[in-house]
Amino acid sequence: MYFILAWRNIWRNKRRSIITILSIAFAVLLACVMRSLQLGSYNRMIENAARFYTGYIQVHKNGYWLDKTLDNSFENNAKLINTIANTKGVKVAVPRLESFALASYSTKTKGALILGIDPIKEDSLTKVKSKIIEGEYINNGDKSVMVAEGLAKYLKLGVGDSIVLIGQGYHGANAAAIYAIKGIMKFPVPMQNNQTVYLPLKEAQWFFDAPNQLTSISLVVDQAKNVDRIVSDLSAHIDTKALEVMGWRDLMPDLVQGIEIDNISGQIMLWVLYAVIGFGMFGTFLMMTAERMYEFGVMMSVGMERLKMQFIVFMEMGMMASIAVLTGIGIALPFLVYYHLNPIFFSGESAKAIENFGIEPAYFFSLDPVIFYSQAWTIFFMAFILGFYPLFIIQKLKPVEAMREAL
Amino acid sequence: MKYLVSGLFLLLTFQAVGQTAKEIVKKADDKMQGESNKSEMKMTIVRPSWKREITMKGWSMGREYSLILITAPARDKGSAFLKRKNEMWNWQPSIDRVIKLPPSMMLQSWMGSDFTNDDLVKESSIVHDYDQTLAQDTIISGLDCYKIIMVPHENAAVVWGKVIVYIDKVNFNELLVYYYDEDNFLVNTMILSDVKEMGGRIIPTHLEMIPADEPNNKTVIDYLNLEFNLHLQESFFSLQNMKRVR
């Protein structure tokens, strides 16, 4: 009975209700798209970073994280590998030896990150094989390298050319060697694309004069949310005096902080948006109350209880908010699903400009449910607070005055 | 008359014994350098957790020219360093390249040791670029020594703010050297010992360089063989010869 009354009340003044609903729905749509884009980009950034650099978990020597030099590498032994492989949730352990050196070809020289990798395991983490745009992927026994496209362009070399690497090896040893280029890789993140050189692990160990040494072991895990558990499991089983296990939140604090800052600015925008919607909603509620003063007065004079009237008005507002939120999400959802599956990639000048900031030039959308229900909760909460205004008016309403004023 | 004679005698002895600090330093410097020399040495880099040995041959002519050829470990064999005046090159046979060491690399460690590239290149002369003063004498491992405080000239291209050197009174060997920075903090200590005859001269053959901020690190150089005054030509210290020399 009350429900039907409230429902009919809404549609008695269609124009007013539709405007209210659309303004809220549009705000919900905007908020959803914005949050989806933000959260989607964060996930992508984390995934990108985890998938390129460190994995979600990394094992390295104590002290390596603060001073990333070869002298802080550790010895690779079967027991350690077994312990890691036997930990629940760990899919692959990817060994690496990495350091910096100069890469040179003819008269050009540039600093490069030299990564010694196990080609097969590495691919299972970083999908590096799919980054090859020219030539072939390296094999375990090769004495050749893969070079990132940006670096290759700078040095003006291609597949089959020889690249000279010069640097300092383990314990200050002299590291200098010349390698044939087997493949060229293209990475989305410019920093990688401009400086990376991949070598088979054995060859890198020879180059840096660090036989059987590793700088890190990165772990592929079954699910990102298990990271914390695996970190504590592993820490319990290895010698934590010598080695350290780190999850991605510790591995990439700058990324985490960057995301937090961006997230806060996003939330501030969101609150501004909510404030605008809030006043819009308040406006319509105000209008509605003023418009219906006569009606309220008549209702009350014919014996309608205040409380029941308040209840109906309150229900109207709740229903309007629900319809609006559902409409907003309903419009947003198909778009978000589509763009979640087909991220927007930029091209041309704008892509270059974004790349220069070190960000992948693309928009990614998240379908995390929290995006949607947080909008719904906020709108409902606002409707609830603002709804007290008409209730308050009804509470203080004097039927005769109300009817006279309204006329 | 008697006084006059004894006065004259005194004066003569002063002249014989009382050489200036500059002369003492020059004698010591000449002794280690010779007009030219050829050496074989073993450098040991000592760190708390590891140790590395490098053997090499070196040729030098005065302060201006020197050439160092690495003979071991095997992976570095054949690489060479050439110094001409204040420039330095590195020959890497494994990559078939000569690399000129830029000024920015001069203060970096040489082959992972406690010596910097600049220590090898140093064109500064402990004789000409410093003002030497004699301080009180001391005894180091049973040998009477001069203690000489050297402060570089204002315009000299020297990285040290002060150097204190102890020179043996009999053989004019440097036995202990302290290197201070411009704020008078100790940076490096060099200890020279194992004095014996080599290449016709009595010289210290064991040299330890200890950085003050990391007392557990040191770099040791042992001379295995030394020859002096070989009459090398300037042309010996050329980029071409650096690639050829054995």
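When peptides B:216-227, A:315-326 are sorted by average Cβ neighbour count within 10 Å, with the highest value leading, the order is A:315-326, B:216-227. Can you give the translational diffusion coefficient of segment A:63-239 in µm²/s, computed by Stokes-Einstein from the Kirkwood radius over Cα pairs at 37 °C and 0.692 mPa s? D = 195 µm²/s. In plain terms, the residue of B:Leu134, A:Leu115 with the fewest other Cβ atoms within 10 Å comes first and the most crowded comes last, giving B:Leu134, A:Leu115. In order along segment A:63-72, the Karplus-derived 3J(HN,Hα) couplings, from 6.51 cos²θ - 1.76 cosθ + 1.60 at θ = phi - 60°, round to x, 5, 5, 8, 9, 7, 10, 4, 5, 9 Hz, and Gly and Pro are given as x.
What the phi angles of segment A:34-39 give under the Karplus curve with 6.51, -1.76 and 1.60, with θ = phi - 60°, is a coupling list of 4, 5, 4, 5, 5, 4 Hz, glycine and proline written as x.
The angle between the Cα long axis of helix A:369-386 and the main principal axis of chain A comes to about 30°, on a 0 to 90 degree scale. What the phi angles of segment B:140-152 give under the Karplus curve with 6.51, -1.76 and 1.60, with θ = phi - 60°, is a coupling list of 10, 5, x, 10, 5, 10, 8, 9, 10, 9, 10, 10, x Hz, glycine and proline written as x. What separates the Cα centres of segment A:182-245 and segment B:144-195 is a distance of 47 Å. Using C-alpha pairs under 8 Å with a sequence gap of at least 6, the mean separation divided by the residue count of segment A:277-407 gives a relative contact order of 52 percent.
Cross-linked pairs B:Lys31/B:Lys147; A:Lys61/A:Lys143; A:Lys202/A:Lys241; A:Lys68/B:Lys38; B:Lys31/B:Lys83: Cα-Cα separations exceed 29 Å for A:Lys68/B:Lys38.
Around the amide H of A:Val94, modelled in the peptide plane, lie the amide H atoms of A:Ser218, A:Leu219, A:Val220, all under 5 Å away and 5 or more residues distant in sequence or on another chain.
Helix B:2-17 and the longest principal axis of the C-alpha atoms of chain B enclose an angle of approximately 10°.
Take chain B, connect every pair of alpha-carbon atoms lying under 10 Å apart with a spring to form a Gaussian network, then pick out the residue of B:Phe185, B:Phe115, B:Phe236 with the largest mean-square fluctuation. Highest fluctuation among the options: B:Phe185. Estimated from helices alone, the mean residue ellipticity of the protein assembly as shown at 222 nm is -13000 deg cm²/dmol (sum of -39500 (n - 2.57) over DSSP H runs with n ≥ 4, per residue). In terms of Cα to Cα distance under 14 Å, which aspartates and glutamates are near enough to B:Lys100, apart from those fewer than 8 places away along the same chain? Candidates past the 8-residue exclusion: B:Glu87, B:Asp118. Exposure proxy shown here: for A:Cys32, B:Cys145, the number of other Cβ atoms within 10 Å sets the order, fewest to most, as B:Cys145, A:Cys32. Partner shielding of A:161-167 amounts to 2, given as the average count of beta-carbon atoms from other chains within 10 Å of each residue beta-carbon.
Applying 1/(1 + (r/R0)^6) with r as the Cβ-Cβ distance of A:Glu134 and A:Ser162 and R0 = 22 angstrom yields a FRET efficiency of 0.90.
The residue list A:Phe346, A:Asn77, B:Asn90 was ranked by how far each Cα lies along the charge dipole of the protein assembly as shown toward its positive end, using unit charges on Cβ atoms, and A:Phe346 comes out on top. Taking amide H positions as modeled 1.01 Å from N, with prolines and chain starts lacking one, the residues under 5 Å from B:Glu35 and 5 or more places away or on another chain are B:Asn229. Residue exposure proxy: A:Ile120, A:Ile10, ordered by other Cβ atoms within 10 angstrom of their Cβ from fewest to most, comes out as A:Ile120, A:Ile10.
Looking at the square roots a ≥ b ≥ c of the eigenvalues of the Cα gyration tensor of chain A, which shape do they give, rounded for a/c under 1.5, prolate if a/b is larger than b/c, or oblate? It is prolate, given that a/c is not under 1.5 and a/b is the larger ratio. Considering only alpha-carbon pairs that sit under 8 angstrom and 6 or more positions apart, the relative contact order computed for segment A:63-239 is 32 percent. Summary value for chain A: 26 percent relative contact order, contacts being C-alpha pairs under 8 angstrom separated by 6+ residues.
For A:Leu243, nonlocal amide neighbours, meaning residues 5 or more places apart or on other chains whose placed amide H falls under 5 Å from its own, are A:Asn62. Choose one answer from B:Met43, B:Met111, B:Met61: the residue with the largest mean-square fluctuation in a GNM of chain B with alpha-carbon springs under 10 Å. So, out of B:Met43, B:Met111, B:Met61, the one fluctuating most is B:Met111.
Any read-out appearing in this document is the output of simple, stated calculations on the displayed coordinates, not a laboratory observation. None of the values given here were measured: they were computed from a predicted structure. A quick note on method: Cβ atoms are made from the backbone with ideal geometry, for glycine too, and the neighbour counts reach across all protein chains shown.
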